[in-house]
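Visitor: Let me give you the structure first, and then I'll get to my questions.
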């Protein structure tokens, strides 16, 4: 199981958060069937395990993720173990209601990034944060994709860039889920913020970091933490929440909200679902279609407010 999890992280580029979730799900399977060896698991054992987890209070989403972890593990392991079938293959995941993603309004996004009433970013940390948040909203990146960015493409004896920015081409190239590489436009506001950050980046860079040395991954990183290492996802989350509080937004803002906001605002303007799917890196367009419901919710609200015969409740 640990070999499979390592495979997901190294070869499929699953985030550490996703891998930890799958590890937890695999532990559930072992706990539900303590006397059954993995190679002797049958479909009936899997169904019993799902029923037990449901009885412990796990909801449809958690059960679906557990089944996905079990199914993926057996699909990878069965050929190696000489098993004739995957015991999870024939079990359908329970249907879960698809909640609408939370997104900022256009006005809220502008307040967050323009932060009226606050001083212009001047310190390295302030300029770094401004650049990070502009990139998140400009290109709709996942948090793991943001922190993986390098300031340019680098290839040395011990290191090769996987994700990088190309300001002159107004483009960012990222390797995301499923080890898939995609290119996404980079807006002018984000480019200008990146340039201002790169002017002071060396003030945070580690003194011994070299592209051709052991610290190549940190030396190449676009965004750095206070100690000169590649910035951690947790720091991005904390800094974004702190800024949202400072500008007075009435909602908790996390990096994925900026991704949702990017998708929703582009779809409202362009009405091109396929383009949004490509930019978000969704393998299935059904994942992207949830933003059409968010867009309709926005239109319905405008209709209720404007149409004289909408019969909205007062």
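Visitor: Using a 7 Å offset from Cα along Cα-Cβ at residue 16, what residues in the stretch 129-153 end up with backbone N under 16 Å from the label point?
Guide: Answer for this model: 143-149.
Visitor: Moving to a separate point now. Taking the Cα centre of each part, how many Å lie between the stretch 1-50 and the stretch 215-241?
Guide: When both Cα centres are located, 31 Å separates them.
Visitor: On to the next question. Using a simple spin-label model with points 7 Å from Cα along the Cα→Cβ vector, what separation in nm is obtained for residue 52 and residue 38?
Guide: In this crude spin-label approximation the distance works out to 1.7 nm.
Visitor: Something else now. Please say if the stretch 2-81 is rounded, prolate or oblate, where rounded means a/c under 1.5 for a ≥ b ≥ c the square roots of the C-alpha gyration tensor eigenvalues, and otherwise the choice is prolate for a/b larger than b/c and oblate otherwise? Show your work: numbers first, answer last.
Guide: Details: a/c = 2.20, a/b = 1.25, b/c = 1.76.
Here the stretch 2-81 falls in the oblate category.
Visitor: Same structure again: For residue 154 and residue 114 in one chain, what is 0.36 nm times their gap in residues minus the Cα-Cα distance, to one decimal in nm?
Guide: On the way: separation 40, 0.36 × 40 = 14.40 nm, distance 3.22 nm.
Once the chain is fully extended between residue 154 and residue 114, it gains 11.2 nm.
Visitor: Let me ask something additional. Looking at the stretch 146-239 only, what percent of DSSP beta bridges run antiparallel? Nearest 5 please.
Guide: Working: 11 of 12 bridges.
Approximately 90 percent, going by the DSSP bridge assignments.
Visitor: On full extension of the chain, what length is gained from residue 6 through residue 205, given 0.36 nm per residue of separation minus the C-alpha to C-alpha distance? Mind dumping the intermediate values first?
Guide: Values: separation 199, 0.36 × 199 = 71.64 nm, distance 2.95 nm.
Gain in length upon complete extension: 68.7 nm.
Visitor: Could you please rank 266, 135, 50, placing first whichever residue has the fewest other Cβ atoms within 10 Å of its Cβ?
Guide: Numbers: 266 18, 135 28, 50 23.
By the 10 Å Cβ count, ascending: 266, 50, 135.
Visitor: Also: Sorting check: for 218-226, 151-159, which peptide has the highest mean count of neighbouring beta carbons within 10 Å, and how do the rest follow?
Guide: Details: 218-226: 21.3, 151-159: 13.4.
By packing density, highest mean first, the sequence is 218-226, 151-159.
Visitor: Sorted by mean Cβ packing within 10 Å, highest first, what order do the peptides 117-123, 193-199 take? Walk me through the numbers on the way to the answer.
Guide: Working: 117-123: 10.6, 193-199: 19.1.
Result, highest mean first: 193-199, 117-123.
Visitor: Could I ask something else about it? Multiply the residue separation of residue 27 and residue 123 by 0.36 nm, subtract the distance between their alpha-carbon atoms, and state the gained length in nm to one decimal. All intermediate terms of the calculation are to be shown ahead of the outcome.
Guide: Values: separation 96, 0.36 × 96 = 34.56 nm, distance 4.52 nm.
Gain on stretching residue 27 to residue 123: 30.0 nm.
Visitor: Relative contact order, percent, of the stretch 2-81 when contacts are C-alpha pairs under 8 Å separated by at least 6 residues?
Guide: On the way: 34 pairs, mean separation 29.4, N = 80.
Once normalised by length, the contact order is 37 percent.
Values in this text are rule-based calculations from the coordinates and carry no lab data. Model, not experiment: these values are computed from the prediction. Methodologically, a virtual Cβ is constructed for each residue, glycine included, from the backbone with ideal geometry; neighbour enumeration extends over all protein chains shown.
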